[in-house]
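Participant: The structure that follows is given in the form of C-alpha cells.
Values in this text are rule-based calculations from the coordinates and carry no lab data. Predicted, not measured: the structure shown is a model, and the values here were computed from it. All Cβ positions, glycine included, derive from the backbone under ideal geometry; neighbour counts span all protein chains shown.
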Amino acid sequence: MEFPYTVRRAKKDEWEEAMAVAWRTFMKFEADDYTEEGIQSFSDFISGERLRKMFLLGEYHLWVALDGDNIIGLISMRNRRHISLLFVEEKYHKKGVGTALMKELWTYLRANRETCCTVNGAPYAVGFYHRLGFEDRDKEQTEEGIRFTPMIKHLT
C-alpha cells in the first residue's frame, strides 16, 4: 500500500500550525507524565520567539506530514543531528506517519554525511524509538520538569 500522505520541509508560514499540532499532541499523550513545571517548559519552548526565529533563519529544521493541506505531523532537528520534536495527530497514529517523518530526516542526515542521530525520548515515545532502532544512551532523566531518555541511532 502506498503512503497516502506528503512529507516535506515546512514552509515559513506553517510554523504556527505545526506548533499547534505539537501542543495538542503533547497535551493528549504526554502531559500526564510531566509536572506543571514540565508542561510550562514545553509550552515555553514551542511558543518562544527564539525557536521561531531560528526556524525562519534556516537554523532549526522542520519537516511536516500533510494530509491534503492539513499538517498531521512534524519532526524537527537542532544541532545538526538531534531530533527536537516529533508529533503526529492522534487520528494518524499507527499509520506510518511518524516513521515516514523519521525516514525523511534520516535521508537528510545521510545526505549531510551524518552517521547518527540523537533524541531525548519522552516516556510515551520510547517504545516507538526502540522499534526504529534507537538505543538508550542513559537512564531516564528530568530537566526543567521534562522527562526523557537520551537515545541514539547509528545510520548505516
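Participant: List the residues of segment 40-60 whose backbone N lies under 12 Å from a point placed 7 Å from the Cα of Glu90 along the Cα-to-Cβ direction.
Facilitator: None, by backbone N distance to the label point.
Participant: Measuring from label point to label point, each 7 Å out along Cα→Cβ, what is the Asp32 to Leu132 span in nm?
Facilitator: 2.3
Participant: So, counting K/R as plus one and D/E as minus one, what does the shell of residues with Cβ under 11 Å around Ala20 add up to?
Facilitator: Details: positive: Arg24; negative: Glu14, Glu16, Glu17, Glu89.
With Lys, Arg at +1 and Asp, Glu at -1, the neighbours total -3.
Participant: Next question, about the same structure. Post the alpha-carbon centroid distance, segment 58-113 to segment 17-46, in whole angstrom.
Facilitator: Using only Cα atoms to place each centre, the spacing works out to 17 Å.
Participant: Going toward the positive end of the dipole of segment 1-140, with +1 on Lys and Arg Cβ and -1 on Asp and Glu Cβ, which of Leu85, Met19, Pro4 do you reach last?
Facilitator: Selected residue: Pro4.
Participant: Follow-up question, since we're still on this one. So, counting K/R as plus one and D/E as minus one, what does the shell of residues with Cβ under 15 Å around Asp69 add up to?
Facilitator: Combined, the nearby Lys, Arg, Asp and Glu give -4.
Participant: Sticking with this structure for a sec: Expressed as a fraction of 2.2 N^0.38 Å, the rule-of-thumb size for a compact globular protein of N residues, what is the C-alpha radius of gyration of the chain?
Facilitator: 0.98
Participant: Net charge within 13 Å of Ala31 by Cβ-Cβ distance, Lys/Arg positive one each and Asp/Glu negative one each, not counting Ala31 itself?
Facilitator: Its environment carries a net charge of -2.
Participant: ³J(HN,Hα) across segment 94-110 via Karplus (A = 6.51, B = -1.76, C = 1.60, θ = phi - 60°), whole Hz, x for Gly/Pro?
Facilitator: 6, 10, x, 5, x, 5, 5, 4, 4, 4, 5, 5, 4, 4, 4, 4, 4
Participant: Follow-up. Can you work out the PRE-style zone for Leu155? Point 7 Å along Cα to Cβ, and I want the residues of segment 98-139 with backbone N under 12 Å.
Facilitator: Hits in segment 98-139 for Leu155 at 12 Å: 102-118.
Participant: Rounded to the nearest 20 debye, what is the charge dipole size of the chain about its Cα centre when +1 sits on each Lys and Arg Cβ and -1 on each Asp and Glu Cβ?
Facilitator: 780
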